[in-house]
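A short worksheet on the structure shown next.
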Amino acid sequence: MSASLERGLDRFRESLDADTAGFFATCVRCGMCAEACLFYTETEEPRYTPIHKLQPLKRLWWREYTLVGRIAAALGLSKPVTGGELADWSELVYDSCTLCGRCSLVCPVGNDITYMIRRMRDGMAAAGYAPPGLVGATRRAIELGSPMGVQLATLQAQIRHQEEATGLPIPMDREGADYLVLLSSMEIVNTPEMLGALARIFDRAGVSWTLASDAFEATNSGIQIGVAELAREIVMRTVTAAERLGVKGVVSPECGHAYMALRWEGPDLIGRPYRFEVLHILELLDRLRGEGRLKVDSTFNLPITFHDPCQVVRRGGVTEAPRNLLKMVATDVREMEEHGVYNWCCGGGGGVSAIGRAEELRLKAFGKKRGQIEATGAKTVATACANCRVVMEEAIDHYQIGVELVGLTELIADHLETEESHHG
Amino acid sequence: MSAASIAFLAWVRGPGFHIALGLFCLGLVWRLIEIYALGRDRPLAPLRRRSGASGWWTILRRSRPSAEHESMVSYLAGYTFHIGLIVTFFFFTPHIELLRRAVGLSWPSLPTALVDGLAVVTLLALGVMLASRLLDPVKRFLSVAEDYVAWGLTLAPVLTGYLCFHHLLLPYTTMLALHLASVEVLMVLMPFTKLIHFVTLFPSRWMNGEHFGRTGVAA
Ligand code: SF4
Ligand code: SF4
């Protein structure tokens with residue numbers, strides 16, 4: 001057995017806890033989780049059934065941690081997990097799972113399948129079966145500070161543009177600010193207007209904020225790929241900057257996995273609680289709205305719908321904030337049939353958008369979202385995750401469906417109460 | 001009535017039952033330790049809600065059908081045979097009588113005709129479950145031999161019980177002995193098959209609800 005396979009299997013063993021063992025033992029193979037997964041519904045291929053994606057991990061558990069399985073293994077009645085098998089499963093564990101969490105919500109016996117797939121990725125990556133696209137993104141995150149290879153100079157150039165466009169300063173490394181704001185590479189490269197939007201909102205609401213030159217990137221590809229050491233290093237970068245600047249809170253940008261990584265998994269990765277609070281940008285905006293510090297003086301009046309980013313809503317628990325904000329700024333909000341915690345994924349979360357070989361499958365999986373969007377009749381889709389946005393924009397281009405995507409933060413910035421209207 | 005079937009009945013009523021009960025308890029304890037001794041980590045991130053309480057809610061909530069309409073066959077037949085099993089087992093007069101004599105505990109029974117009808121419905125629902133396992137592409141793909149064994153183990157007590165009550169197929173004593181034997185085999189194997197979900201379902205749902213509850217999501 002190769003050293004990397006042995007390492008991977010060791011990770012599998014470490015990932016087994018009471019939760020996972022209980023879930024494996026409880027599964028009745030009813031197949032209902034398949035109907036919850038967009039990779040199954042859009043392809044109707046049974047191998048995309050969520051619980052099946054865990055088969056090698058389940059067999060390792062059964063062979064090594066159960067009496068019957070150990071006897072079967074000793075008698076040679078069950079095969080050990082092999083490298084070839086893990087290679088076959090790479091597509092199932094990565095390309096066809098966005099860690100969206102929907103399967104975990106429908107399993108009748110209560111299995112949290114997503115929780116297990118997330119843990120299984122640790123072993124897959126250690127054994128060397130993570131997809132090359134994700135490996136590259138993670139390497140760039142460590143070496144260059146961002147998964148897309150965005151460097152500080154690029155950010156500084158975007159800051160200059162946005163300062164010119166808004167006439168407002170965008171603070172960097174300001175000690176004692178209330179909030180350290182993070183960005184995602186996707187935003188810096190594809191939607192830099194987000195920076196200007198933030199500057200305008202924070203200026204109007206009187207929020208003291210800063211960016212950090214050594215921790216501006218929020219995306220944690222270490223978590224997506226499943227390498228705890230790298231995930232820890234990426235989280236630690238933010239924690240160090242936040243504590244150096246003495247901020248009260250760190251604001252995760254419009255990016256689902258970044259929020260999940262920093263808010264929910266980060267403390268476990270670094271082994272201690274933070275000394276600051278972590279908020280998704282929508283949570284902060286909704287808080288400001290509640291305090292009467294965020295007001296709009298015009299509204300978006302065309303039909304608009306909202307795509308719930310899985311990691312922000314179902315996995316992250318930020319369900320009401322986007323709706324409160326959207327109602328404030330738009331007059332014709334049309335919810336998709338299954339929305340909120342029951343939303344359907346865009347097809348590109350969990351690092352899938354960085355996996356080149358998964359493109360065809362991803363476009364197919366988008367069929368679910370496409371149907372949902374079209375059923376609302378809205379031609380504008382607001383969302384709160386730069387990754388969802390880019391994934392959907394690409395798919396919309398591909399299928400030529402004529403729908404516009406907009407970040408909710410930007411939408412609010414565009415309708416923000418101005419100085420004149422405020423005093424007038 | 002043959003001497004052999006009387007001896008068989010006496011054995012399944014006496015020593016057989018005690019052995020089965022002992023193995024059932026041992027097996028169950030072994031399995032629960034095997035599974036839950038692995039332990040779980042406490043998250044360090046500040047919780048948005050008391051997640052343990054969410055777990056209890058999920059135990060209840062997960063009993064209602066999800067939004068996936070495609071799974072309606074599984075839901076309908078699934079509910080029917082589970083309810084059928086529980087009612088025929090706990091509310092059939094002879095079963096209650098047996099328990100009263102054994103441990104002195106009893107409760108009101110349901111009319112025998114009703115329980116009898118329910119047994120037929122349960123058998124039909126189990127038939128539907130088997131058909132769907134064989135015909136549904138996902139279920140067929142996921143299925144292993146154990147699924148068919150578990151199906152047989154579940155069906156046998158209901159079927160033999162029904163045949164026994166109606167004095168069908170075999171002499172009453174023989175069928176009664178087979179009925180008891182089928183229950184005993186079920187007891188012995190239950191902890192070691194997926195049928196263990198009759199207990200692990202509760203901790204699994206709780207843990208799922210607890211995971212989601214950390215972020216404030218009602219699962
Ligand atoms: S829905 Fe749950 S019990 Fe059914 S096959 Fe999937 S994991 Fe197993
Ligand atoms: S987490 Fe989402 S994508 Fe992954 S298996 Fe479950 S339903 Fe499918």
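On a straight-distance basis, which lysines could pair with A:K248 in a cross-link, Cα separation under 25 angstrom, same-chain partners fewer than 8 positions away excluded?
A:K295
Once you sort the root eigenvalues of the Cα gyration tensor of the range A:135-290 as a ≥ b ≥ c, which label holds: rounded (a/c under 1.5), prolate (a/b larger than b/c) or oblate (the other case)?
On the way: a/c = 1.79, a/b = 1.28, b/c = 1.40.
It comes out oblate by the Cα gyration axes.
Once you list every other residue whose beta carbon is under 14 Å from the beta carbon of A:A378, what net charge do they have if Lys and Arg are +1 and Asp and Glu are -1?
Working: positive: A:R334, A:K369, A:R370, A:K379; negative: A:D332, A:E335, A:E337, A:E374, A:E404.
In short, -1.
I'd like the orientation of helix B:93-103 relative to chain B: the angle between its Cα long axis and the longest Cα principal axis, in ° from 0 to 90, rounded to 10.
Helix B:93-103 and the main axis of chain B meet at about 80 degrees.
What percent does the relative contact order of the range A:3-129 come to when contacts are Cα pairs within less than 8 Å and at least six residues apart?
Values: 146 pairs, mean separation 52.9, N = 127.
Once normalised by length, the contact order is 42 percent.
Pick from B:D41, B:D116, B:D147 the residue whose mean-square fluctuation is largest in a GNM of chain B, springs joining Cα atoms under 10 Å.
So, out of B:D41, B:D116, B:D147, the one fluctuating most is B:D41.
What is the angle, in °, between the Cα long axis of helix B:51-61 and the longest principal axis of the Cα atoms in chain B? Nearest 10 is fine, range 0 to 90.
Orientation of helix B:51-61: about 40 degrees from the principal axis.
For B:L38 and B:F90, calculate 0.36 nm times their separation in residues minus their Cα-Cα distance, and state this gained length in nm to one decimal. Could the numbers behind the result be given before it?
Details: separation 52, 0.36 × 52 = 18.72 nm, distance 3.40 nm.
Stretched fully, the B:L38-B:F90 segment lengthens by 15.3 nm.
Round to a whole number: what % of the accessible area of the range A:135-290 belongs to carbon and sulfur, probe 1.4 Å?
Values: 2750 of 5480 Å².
About 50 percent, which is the carbon plus sulfur part of the accessible surface.
Straight-line reach from A:K58: which lysines have Cα under 27 Å away, leaving out those fewer than 8 places along the same chain?
A:K79, B:K139, B:K194
Helix-only mean residue ellipticity at 222 nm, chain A, DSSP H runs n ≥ 4 weighted -39,500 (n - 2.57), per residue, nearest 500. What is it?
Values: 24 runs with 218 residues, N = 424.
Computed mean residue ellipticity for chain A: -14500 deg cm²/dmol.
Antiparallel as a % of all DSSP beta bridges within the range A:304-414, to the nearest 5? It would help to have the intermediate numbers written out before the result.
Values: 0 of 9 bridges.
Roughly 0 percent of the DSSP beta bridges within the range A:304-414 come out antiparallel.
Would you mind pulling out the separation of the Cα centroids of the range B:1-42 and the range B:160-219, in Å?
13 Å
Taking the Cα atoms only, what angle lies between the long axis of helix B:197-214 and the longest principal axis of chain B, rounded to 10 degrees?
Roughly 10 degrees, rounded to the nearest 10.
The range A:269-306 to the range A:308-376: how many Å between their Cα centroids?
Going from one Cα centre to the other spans 18 Å.
Let me know the charge dipole size of the range A:54-100 about its Cα centre in debye, to the nearest 20, where only the beta-carbon of Lys, Arg (+1) and Asp, Glu (-1) is charged. Numbers along the way, then the final one.
Numbers: 5 positive and 5 negative charges, 68 e Å.
Here the range A:54-100 has a charge dipole of around 320 debye.
The values are calculated or read from the model by the stated rules, or taken from the named source; none is laboratory data. In this text, all values refer to a predicted model and were calculated from it rather than measured experimentally. Counting neighbours? That spans all protein chains shown, and the Cβs are built from the backbone with ideal geometry, glycine included. Accessible surface is based on the protein model in full, side chains and every heavy atom, while ligands, DNA and RNA are left aside. Shrake-Rupley method; radii C 1.70, N 1.55, O 1.52, S 1.80 Å.
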